[in-house]
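Trainee: I have a structure I would like to understand better, so I am pasting it below and will then ask my questions one at a time.
The values are calculated or read from the model by the stated rules, or taken from the named source; none is laboratory data. All values reported here derive from a predicted model rather than from experimental measurement. Every residue, glycine as well, gets a Cβ built from its backbone with ideal geometry; the counts of neighbours run over all protein chains shown. Ligands, DNA and RNA are stripped out before the accessible areas are found, and what is left, the full protein with its side chains, is counted by its heavy atoms. Shrake-Rupley method; radii C 1.70, N 1.55, O 1.52, S 1.80 Å.
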Amino acid sequence: MTGRAFERRMLLVTVLAIVMYALAAQSAVVFTLGLAGIAFGWVVGRSRGSRAPLPMPVVLGLITAVTSLALLRAVVGEGFTVGLFCEFIMMLLVVKMLDRRRARDDAQVLTLSVFLCIGAILTSNNIGVGLSILVVVPILVSAVLGYQLVAAAEAAGQTPEIRRQKLARRDARRIVVVTTVAMFAGSTLMFLLFPRELGERAFGSWREVAGRSQTGYDDEIDLGSTGRISESATPVFDLQVLDRDGNPIGAPGRVFYLRGTALTVYQQTRSDGRWKWQTERQPDSPRRGKERWETVAALSESDPWEVEQRITMRDGGSNSAALFTINEPMFIWFDQTTHWARNTSTYAITRTPSGGLFTDSNFSYAVRSLDRAAAGFPDIDQSETRMPLPDGTEPQPEVVAIAERVLIDAGIDPDPETRPVGDDSAASRAIESFLQAEGGFRYTLSPLPARPGVDPTVDFLTVTKAGHCEYFASAMALMCQAVGIPARVATGYVATEFNDLTGHYVVRRSNAHAWVEVLVAVDTSTRRAGATPSRPHAELWRTYDPTPRNDFQNLHQKPSSWLMSRLKSMAEAIEFAWVSNVVGFSSNSQERALGVSMIASWARQAESRMSTRFSARDNTAVLRAAAVGGLVFGGVLAFGWASSVLARRISAHGLFGWRLPAWLMFRRRARGSALSGLRMPELQMAYDAAIEFVQASKTPGTRAEPLAIRLNRVLAGAAGIPDDLSGAARRLVRVLYAATYARALPDADDRRRLVDDAKALRAWARARR
Amino acid sequence: MIARAPEIADADHATPVSRRYELRWPSLVYIATALFLAVGAVNSQNNLLYWAFGAAVCGVVISGIISGGTMLALRVSRDPVGTPHVGDTLSIGYALQNRHRLLPVFAVLIEELGAEASGRPKLERFDTKPAVLAHCSPRGSARAQANLIARKRGTTELRYIRVSSSFPFGLVRKSVVFESPASVLSLPAVVGTRGLDRRVRTRSVRTSSGTRATSPEGVEFYSIAEYTPGDALVKIAWKRSAALGQLVVRRTASSLPARPWLVLADELADAPEREFETAVCAAASIAAHLAKQGAAVGLAAPWAGVAVPPAPGQRSLHRLYKALASLEPDATPSRGQRGPGAGEETITIGISGRTGRERVNALATESWLAPDAQLPRELMPEGAAS
């Protein structure tokens, strides 16, 4: 390891940190600008033949400017976010690259790189970040170890150089490998064993709010506005669909609709048409759910269900977000403690914000639902009158005319007063097929804006005949309502992309979709939750998708070759494994993987106790815990101080080096062997003479000393004796040192003189004694 | 400076007396970051943050194992130390042995602490820089060398050696203090002789027995010698060269006093430290020059009871240096010390009525250290290098 080798590793760590953050933020701009900045700093820093091309005032000015800019953005603009923090770190990295004067500056660059890596983890847990960690850690370890060498050499005013020493290089490699492996092993152990859910969301929010642009999903439809449909292929969640026996029922070509919300009220403005929630029915107050099947529709657990969906969100977000389910959910299971609420009208489920310092990077849940439409309606009371349309529903004449014409063409009575309730399903089907094929409508992501003063849906039905899924869904829902059929627009995702390697669907932003749910019957066998006298029973809604499917798929799924398709499937399978097993690792996974319920249950109990204490505003336990922690911490400090003082005292009294007699004997033998290995009796004689000299010249009764100290004492003692004896002592010491430490044996003349010197010294010592 | 060294026997190394763990700024940053990771992981249940927190904790554990294990298994011994002149570099060699069976040692700093086993390295008479041991294999040994610059004459006690390292992650500096008593005597600075030679050649020397207009190189013809590059052209004996067919030069016999005494004047006993140190330096320099010319130089400081009789050879010169190194202004005169006798030649070093550094030597050696003879800055006594 040389200084230059260390610099190369440092540069590599910096580049990898930027790549890691770019992967986390999925930003080509970050990648390009970050690497360009680092390259600029690196090249400019070296091109001038100096490690720091910029004067210190300029560097300080740059740092001040970067900090001020970040603060300004945080205070005035977007607030303090992880993204802002990471951009600030990147700018600082570029500045520090230009200001590497000493090893300490290199350490700062390394530290900033580590911060950027942490920022990347806070931003996203995608597989790119995970793979980057695997690459960064060994290089980071190597760079940090190299830094220690560079810093030590700098402190001694030397140049670090172990490259040419084969043994040192081998040892350095071993240390790096062992350290890296140990870190991976230890951190994996921590990952597996650390109790989950303890202290979850104890702090405030600190992330960018996931907006509609990030998921492609919205819980409102605003016809007339542009740019609402995402074409991004970024995965939003992974879906597994199982039957009652736990067998996957997903298959290529099989499509599942996952509703996030259902919009029942259509409002027309001058040139906008907006679908919204039904306002008179407020969502339930939030409930906490965890580790048991929560009833969504107030049904008993014994009620039949047909489909189970396991959904792992790629980015949980920290704001209120819809949970997606196939059909109306009956039961729901959360892997994490989750505050959730349901809409009593549409059964749309929402995660409610509870405040959190960090993003929920992983969030998974399972839903059991019954596809009653597919399963048939065994207990349908079709004699009941049709349910009334939502308040404020006023069909427009143009829509009514078109809907009636469609039904008449299909041989169905358009008049809701005279049409049997059982014909509503056929009527809905006729309207769906009209929009899909017979009406001459075209799918496009760039619909023309509606004419001023004309309702966008009417304009779509009568003039433009081109739009995206929201237009089709809006048109069908309004047409159904126009002929007296209760209908609503559902928004969510359509799962079409099945991976046969893993048996799961990848749902992307571009899969965001809108379709229609039509009330086809009322199940009188089941009483619904939150029932009202006017709507006492469960309503049976059937899904219709009026969007031309071929056009939709052609636009959102680009064709690819077989090889590319297989590679893509494999990559997605790996990513799914990553998301399922690493990102989505939870207390349930912990129990399943380790068979240990103790950690989770302990964590739950602790969490429950903490929640109870906090909610009761009883701070006694917290204060007690803080006091105990403080005492322990203080005790450790006091113990450390006392032990150091004690050791010093003992050392001062000569007890520190106390040893057993056997140990003393061993030491004596070892000392003898150091010289006897040279097989020269003159040396042993000289050594013994030196010992006698020292013993004679120092205070009697003190303990034995190592050879080096004794020889130094000989030198020191030589100053106070006659000249001829002093010279003898010095010669003797020189020979002993050379023999002991350099294995340099004296020649014949020196040996003769050594014997004479030893004799003279010994005689003096004996005389003195 | 690293070199392989043979194994050190148990009895040869210094005795460890204490060990210490010192938290540093990087460790505080590290702890804060690890806490941040823990809070983030717990609060958000972000599994990669759990992993990162685990890595941070492992870093501490690994650091403790590596550094603790190796530092406790490290043994050190100091080579005999020399006697540098002020301004010279004193190289102290250390032999280190790593007794650990598995772990190598990297980036170890070795520092002389002086007489105190704790605190910052404090050698009053030296500018210290630690020795660095870049690497030592498991169960291996290595050597390192520290270069200290002597700043002040006198005896320095080297008692404690601190061996420290912040390897592998720089979180905590672990240090072990070894006791290895030794002392080093810093001799007075000797001014470079070139300028001194020139001045000696061109100025007169005044002694207590009178003034003699003479040159240290002398004027009396001594012999003819073969010309060697560097000889002055005026020394060439042209006629002789022509006769012999090769260039020869004239050699003259030295007229320096054969056994001069350097006498430090009594007034130096009350001189300020700056003048006193300069006078000592001047005495050492003059002695060195005279000895180089073959004279047997003696030293006398009657007010301190110091008398080193003139004797030829380096050993005698060294004894003179040692006497000068140990000389203190407030020394108590002792009886029985024989100074220069009647008729013996003396060179007295005292203080003139001038101010500043030029005051020294003005009594009798004004010509030896002329006012323009600036001592090198690093050789000046502490506080006088203004």
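Trainee: Using only atoms on other chains, find how many Cβ atoms lie within 10 Å of each Cβ of peptide B:127-133 and report the average.
Mentor: Going residue by residue through B:127-133 and averaging, the value is 3.
Trainee: Next question, about the same structure. How do the peptides B:132-139, A:30-37 rank, highest first, by the average count of neighbouring beta carbon atoms within 10 Å per residue? Mind dumping the intermediate values first?
Mentor: Details: B:132-139: 21.8, A:30-37: 16.9.
Packing order, densest peptide first, comes out as B:132-139, A:30-37.
Trainee: So which residues of region B:176-191 lose at least 50 Å² of accessible area, probe 1.4 Å, when you go from the chain by itself to every protein chain present?
Mentor: By number: B:Pro181.
Trainee: Let me ask something else about it. Sorted by mean Cβ packing within 10 Å, highest first, what order do the peptides A:137-150, B:151-164 take? It would help to have the intermediate numbers written out before the result.
Mentor: Numbers: A:137-150: 23.6, B:151-164: 21.2.
Packing order, densest peptide first, comes out as A:137-150, B:151-164.
Trainee: Report the accessible area of B:Cys58, computed with a 1.4 Å probe over the heavy atoms of all protein chains in place, in Å² rounded to the nearest 10.
Mentor: Using a 1.4 Å probe on the heavy atoms, I get roughly 20 Å².
Trainee: At R0 = 51 Å, how high is the FRET efficiency between A:Asp688 and A:Val181 if r is their beta carbon distance? Nearest 0.05 is fine.
Mentor: 0.50
Trainee: Stretched out fully, how many nm does the piece from A:Thr462 to A:Arg592 gain, at 0.36 nm a residue minus the Cα gap?
Mentor: Taking 0.36 nm per residue and subtracting the Cα distance, the gain is 41.0 nm.
Trainee: Next question. Taking 7 Å along the Cα-to-C-beta vector as the label spot, tell me the B:Ala331-A:Ala28 distance in nanometres, rounded to one decimal.
Mentor: 8.5 nm
Trainee: For B:Arg315 and B:Leu247 in the same chain, what is the full-extension length gain: residue separation times 0.36 nm, less their Cα-Cα distance, in nm? Mind showing how you got there, number by number?
Mentor: Working: separation 68, 0.36 × 68 = 24.48 nm, distance 3.71 nm.
Gain on extension, B:Arg315 to B:Leu247, equals 20.8 nm.
Trainee: Next up: Using the Cβ atoms and a cut-off under 13 Å, what net charge is assigned to the surroundings of B:Leu299, where Lys and Arg are +1 and Asp and Glu are -1? Don't skip to the answer; put the middle values down first.
Mentor: Working: positive: B:Arg259, B:Arg319, B:Lys322, B:Arg338; negative: B:Glu344.
In short, +3.
Trainee: A further question follows. What accessible area per residue, rounded to a whole number of Å², is obtained for region B:18-139 using a probe radius of 1.4 Å? Intermediate results must be reported in sequence, preceding the final value.
Mentor: Working: 4850 Å² over 122 residues.
Accessible area per residue, region B:18-139: 40 Å².
Trainee: Across peptide A:186-193, how many C-beta atoms of other chains are within 10 Å of each residue C-beta, on average? Walk me through the numbers on the way to the answer.
Mentor: On the way: counts 8, 10, 5, 3, 10, 10, 3, 2.
The mean count of partner-chain Cβ atoms within 10 Å per residue comes to 6.
Trainee: May I pose another question? B:Lys322: which lysines have alpha carbons under 19 Å from its alpha carbon, excluding same-chain residues fewer than 8 sequence positions away?
Mentor: B:Lys152, B:Lys292
Trainee: Find the sum over both chains of the accessible area lost when A and B are paired, probe 1.4 Å, and report it in Å² to the nearest 100.
Mentor: Using a 1.4 Å probe, the pair buries roughly 6200 Å².
Trainee: Beta carbons within 10 angstrom, averaged per residue: use that to sort the peptides A:187-195, A:16-24, highest first. Working shown, then result.
Mentor: On the way: A:187-195: 17.6, A:16-24: 25.0.
Result, highest mean Cβ count within 10 Å first: A:16-24, A:187-195.
Trainee: Now for a different question. Determine the shielding of peptide B:15-21 by partner chains: average, over its residues, the number of Cβ atoms on other chains within 10 angstrom of each Cβ.
Mentor: Per-residue shielding by partner chains comes out at 4.
Trainee: Taking a cut-off of 28 Å between Cα atoms, list the lysines near A:Lys568, but don't count ones fewer than 8 places away on the same chain.
Mentor: A:Lys558
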